[in-house]
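A short worksheet on the structure shown next.
The values are calculated or read from the model by the stated rules, or taken from the named source; none is laboratory data. Computed from a predicted structure; not experimentally measured. Here the Cβ positions follow ideal geometry from the backbone for every residue, glycine too, while neighbour counts run over all protein chains shown. Just so you know, the surface numbers come from the protein's heavy atoms only, side chains and all, with ligands and any DNA or RNA stripped out. Shrake-Rupley method; radii C 1.70, N 1.55, O 1.52, S 1.80 Å.
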Amino acid sequence: MPSGCTGDLKGTEVLQSSTRTPTVSEGQVNNAGDEAKTSHVEALIEYCIRNGSSTPSFHEEQEQGMFKVWIIVGKERFELRRTYRTVEEGRQRVAKQVLARLRSQKNDGSGAERS
């Protein structure tokens, strides 16, 4: 990602981490273009691999029984302000937002944030 981006997604939700298998969400499209069930976490990892980005790392901390989750891609940290009951719930939500942001930056062509 371009160095001019802050990578913060504050203002919505925060992800949670877990060693369990990611929750599956429907409606994602795999590389072949077929309808498939893919988690947002898996989709983000695949997107980063296909586009030459570093593999995202997932982090969390527990605060008063809830989890704050963030994802680091390259030198950027992405997080949402919301906390989650489970790590996996948080990871899926943050991964979804990060993936949307990366895709929009790629489509903009410039990759820089607008003021």
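Checking the structure you have, find out if any residue of region 35-56 is surrounded by fewer than 21 Cβ atoms within 10 Å (Cβ to Cβ), of a type outside the set (D, E, K, R) and farther than 24 Å from Asn107 by Cβ. The answer is no; no qualifying residue exists. Answer yes or no as to whether Glu60 is open to solvent by 60 Å² or more (accessible area, probe 1.4 Å), in contact with a helix residue (DSSP H, G or I) (Cβ under 6 Å, 6 or more places away or on another chain), touching a residue at least 24 places away in the same chain (Cβ under 8 Å) and not polar (S, T, N, Q). Against the criterion (open to solvent by 60 Å² or more (accessible area, probe 1.4 Å), in contact with a helix residue (DSSP H, G or I) (Cβ under 6 Å, 6 or more places away or on another chain), touching a residue at least 24 places away in the same chain (Cβ under 8 Å) and not polar (S, T, N, Q)), Glu60 qualifies.
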